[in-house]
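Just below is one structure, and these are the notes that go with it.
The values are calculated or read from the model by the stated rules, or taken from the named source; none is laboratory data. None of the values given here were measured: they were computed from a predicted structure. Quick reminder, even Gly has a Cβ in these numbers, built from the backbone with ideal geometry, and neighbours come from all protein chains shown. Areas reflect the complete protein model, heavy atoms only, side chains present, ligands, DNA and RNA absent. Shrake-Rupley method; radii C 1.70, N 1.55, O 1.52, S 1.80 Å.
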Amino acid sequence: MKNIDLHCHSCFSDGCDTPAQLAESAAAVGLSALALTDHDTVAGLEEFRRAGAAFPGMETIAGVEISTTYGQKELHITGLFIDPANPFLNGFLGDLRRERLERARAMSARLAAIGYPVNMPELQGSGARPIGRPHFARLLAENYRFASIAEVFDRLLKRGCPGYVPRRLPPPEAAIDAIHRAGGCAIWAHPISGPRSDHSWINRMCAKLRGMGLDGVEAWYSTFSPLQTDMIREVAGRQRLLCSGGSDYHGENQPDIMLGRGRGGLAVPGEILEPLRQRSLELR
Ligand code: AMP
Ligand code: MN
Ligand code: MN
Ligand code: MN
């Protein structure tokens, strides 16, 4: 069975490639399925679905990624097999995009105050794209002296840096509920991130999130070692959660990550797809 990739971003959120380019690349690298999981928007999914129809051996899956907070920790939840037309999900995502716009205004004021003004209309681009730090990073890298987008993050945009403004995020149960209402299954994305990522913490978080309705957890991810993947799979089995996996590809915004292949060693097995699909069908 071929490999799949259930986590990537297009230019409709903070990736660089169009949804059509993503579908084409996925077919070119031999994936049998790709989920587009843009942050806080479903706007790229129609183009994605239409482009995918040209590649019969490569299935396109409608997804979304929603950032949430639990205590001090930021947890990301992806939805897979969602209905992009669902009114409740669209209302929920619309609120998140408005919050992003307010936060972007606050960040732009901070950046101007320390000598890095950015142009808000340029940042917004056309339409109601969810503005995030990667959009700031790109513009700052173009207009000022930085070696890379990573350097802009390190100097200005990471948590604790002078240009950083935190987001006001919903709790995980709100994201899980919105995904379920749209008929999708809810996955805890990249459960290993940042300093607090040991086995016992992940196990406890999985149990808590499962109590909130979580369906699965990302066991394959670009930055995970084989041992970390095994650890997440073990926890998933213990907590009766399904396993998902993906690259979190963003195009040139994160040049070290390749679609489907992560940093070169990623291989998400196609076998994990049917249980996820089955769960989403049960949710309808
Ligand atoms: P935001 O949701 O606006 O707070 O921005 C978070 C996004 O920034 C993530 O989804 C990543 O795409 C991106 N990101 C975070 N850290 C970095 C980094 N060091 N280099 C490049 N992109 C990053
Ligand atoms: Mn991102
Ligand atoms: Mn994420
Ligand atoms: Mn992501």
Go through (1) within 15 Å of ligand 4 (Cβ to nearest atom); (2) open to solvent by less than 30 Å² (accessible area, probe 1.4 Å) and name the single condition Phe136 misses.
(1)
The lone exception for Thr60 - which of (1) within 22 Å of Ile131 (Cα to Cα); (2) touching a strand residue (DSSP E or B) at 6+ places or on another chain (Cβ under 7 Å) it fails
(1)
Considering each residue of region 1-15, count those that are out of contact with any His (no Cβ under 7 Å at 6 or more places or on another chain) and either part of a strand (DSSP E or B) or open to solvent by 10 Å² or more (accessible area, probe 1.4 Å) (or both), and give that number.
8
Out of region 159-194, which residues are assigned to a helix (DSSP H, G or I), without any contact (Cβ under 8 Å) to a residue 40 or more places away in the chain and within 16 Å of ligand 1 (Cβ to nearest atom)?
none
Is at least one residue of region 114-125 of a type outside the set (Ser, Thr, Tyr), surrounded by fewer than 12 Cβ atoms within 10 Å (Cβ to Cβ), more than 28 Å from Leu36 (Cα to Cα) and modelled with pLDDT of 95 or more?
yes
For region 237-268, which positions are in contact with a Pro (Cβ under 9 Å, 6 or more places away or on another chain) and within 16 Å of ligand 2 (Cβ to nearest atom)?
His250, Asn253, Gln254
If we scan region 42-57, do we find a residue that is surrounded by fewer than 23 Cβ atoms within 10 Å (Cβ to Cβ) and under 30 Å from Gly163 (Cα atoms)?
yes
Taking the criterion of being open to solvent by less than 30 Å² (accessible area, probe 1.4 Å) and more than 25 Å from Tyr249 (Cα to Cα), would at least one residue in region 83-90 satisfy it?
yes
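For region 248-284, name all the residues that are among the hydrophobic types (A, V, I, L, M, F, W, C) and not in a helix (DSSP H, G or I). I'd like the intermediate steps shown before the answer.
Looking only at region 248-284, we keep the residues that are among the hydrophobic types (A, V, I, L, M, F, W, C), and these are 257-259, 266-268, 272-273, 276, 281, 283.
Once the filter is applied, which keeps residues that are among the hydrophobic types (A, V, I, L, M, F, W, C) and not in a helix (DSSP H, G or I), region 248-284 yields Ile257, Met258, Leu259, Leu266, Ala267, Val268, Leu283.
Residue-wise test of (1) surrounded by fewer than 22 Cβ atoms within 10 Å (Cβ to Cβ); (2) farther than 21 Å from Val64 by Cβ.
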residue: His180; (1), (2): yes, no
residue: Glu218; (1), (2): no, no
residue: Arg233; (1), (2): yes, yes
residue: Tyr249; (1), (2): no, no
Across region 227-284, which residue is nearest to Ala189 (Cα to Cα) among those that are within 16 Å of ligand 3 (Cβ to nearest atom) and among the hydroxyl-bearing types (Ser, Thr, Tyr)?
Ser244
Given (1) in contact with a Gly (Cβ under 6 Å, 6 or more places away or on another chain); (2) without any contact (Cβ under 8 Å) to a residue 40 or more places away in the chain; (3) of a type outside the set (S, T, N, Q), Arg284 misses just (2)
Given the criteria open to solvent by 80 Å² or more (accessible area, probe 1.4 Å), out of contact with any strand residue (DSSP E or B) (no Cβ under 6 Å at 6 or more places or on another chain), more than 16 Å from ligand 2 (Cβ to nearest atom) and among the polar types (S, T, N, Q), does Ser108 qualify?
no
